[in-house]
Amino acid sequence: MKAKHITLLPHVTTHHEGLAQLKTAGDSVMIVRGVPRMLLMRCPCGCGDDLNINLDRRAGPAWRHYLREGALTLFPSYWRDSHCGSHFILWNSEIYWCDWDDDSYWNHSTGIETRVWDSLTYDWINYEALADQLGEIPWDVLQACYSLSRQGRVEQRAGRSTGAFRRKSLIKA
Ligand SMILES: [Zn+2]
């Protein structure tokens with residue numbers, strides 16, 4: 001059974017302590033020593049393995065994390081390229097499996113769409129850069145961009161996973 005959300009347990013200071021907390025798929029605990037170092041997660045796919053998700057750039061490639069009202073978001077997606085091959089997005093403690101064929105169940109925060117629209121120009125910008133500019137979570141900005149695309153106001157640069165968006169020009173050449 002794939003978990004649909006994580007359970008974020010109170011943070012600990014050591015890896016050993018953290019591992020002892022994990023009981024079921026999706027259980028997660030942050031290791032914090034001065035700054036957040038790592039997120040330990042019992043793999044939400046149900047394989048029983050524990051994932052070590054680095055949050056500390058000084059220790060190598062790291063995920064960005066956002067804690068909002070007790071809910072955890074990771075960026076970018078987590079892709080385990082061995083063993084179970086789990087690939088998911090963690091957004092506000094909810095897990096979105098990357099085997100979808102429909103993104104309609106994504107809901108972005110109200111208000112973000114307007115701010116995203118106001119910030120977009122006729123030049124391409126990557127949603128992650130836009131998120132930084134706005135101080136928002138990249139996934140929220142991406143969903144706002146998708147929503148604006150569905151309304152025909154914004155276009156996404158052609159090519160798989162470019163992540164670049166701009167206002168759609170209404171002038172036909
Ligand atoms: Zn797994």
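The values are calculated or read from the model by the stated rules, or taken from the named source; none is laboratory data. Keep in mind it's a predicted model, so treat the numbers as computed, not measured. Every residue, glycine as well, gets a Cβ built from its backbone with ideal geometry; the counts of neighbours run over all protein chains shown. Ligands, DNA and RNA are stripped out before the accessible areas are found, and what is left, the full protein with its side chains, is counted by its heavy atoms. Shrake-Rupley method; radii C 1.70, N 1.55, O 1.52, S 1.80 Å.
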Output the qualifying pairs, or none if there are none: Cβ atoms under 8 angstrom, residues six or more apart or on different chains, first residue in the stretch 80-97 and near the ligand (Cβ under 10 Å from one of its atoms), second residue at pLDDT 90 or above and of a type in the set (Val, Ile, Thr).
-> 88/95
Pick out the one residue from 128, 113, 136 that is in a loop (DSSP other than H, G, I, E, B) and in contact (Cβ under 8 Å) with a residue 12 or more places away in the chain.
-> 136
Failed condition for residue 135, given (1) modelled with pLDDT of 90 or more; (2) open to solvent by 40 Å² or more (accessible area, probe 1.4 Å); (3) over 23 Å from residue 66 (Cα atoms), with all others met?
-> (3)
